[in-house]
Amino acid sequence: MIRYDLVCTAGHGFEGWFQNSNAFADQAARHLIACPDCGGTEVHQALATPAVRAGGRNEAPVPQLPDAMVAALQRMRATIERTCENVGTQFADEAIRIERGEAPARGIYGEATAADRDRLEDAGVEVMAVPWVRRADG
């Protein structure tokens, strides 16, 4: 069995369990999967958050997405890169310093290991993983 995070066209998220990926594709194509919130049968797989690696670039493969969604994620990436500071592997340390008032408040992005995410949670720092798709110009 495979568990998929799904989303309807109204933006409601829910999960579904399927025998395999072909079973999901078949049921979705025949509109047999209904959103539990609104009953909509136009559903697709939700974005999967990328695995955060300890080093290197954090560009995980993105599942097949509608072009409009990829474009929206590319615009989000461009905005993040334009308005926030890339602190790389120092993300957790810098986010904690900002939370404590030891560093200037600003938008930052970077990389975090599982241990870093635990430290951030313990420090009460709210962070969000963003699907990091290829750049629109690259």
Going through segment 110-124 in order, the residues found to be assigned to a loop (DSSP other than H, G, I, E, B) and in contact with a strand residue (DSSP E or B) (Cβ under 7 Å, 6 or more places away or on another chain) are Glu111
Going by the structure shown, is Val127 in contact (Cβ under 8 Å) with a residue 60 or more places away in the chain, surrounded by 14 or more Cβ atoms within 10 Å (Cβ to Cβ), part of a loop (DSSP other than H, G, I, E, B) and among the aliphatic types (A, V, I, L, M)? no
Note: among Thr41, Thr9, just one is surrounded by 11 or more Cβ atoms within 10 Å (Cβ to Cβ), outside the structural domain of Pro66 (by TED's automatic domain parsing) and closer than 18 Å to Leu65 by Cβ, namely Thr9
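The values are calculated or read from the model by the stated rules, or taken from the named source; none is laboratory data. All figures in this text were calculated on a predicted structure; none of them were measured in a lab. Because the Cβ atoms are built from the backbone with ideal geometry, glycine has one as well, and the counts that use them run over all protein chains shown.
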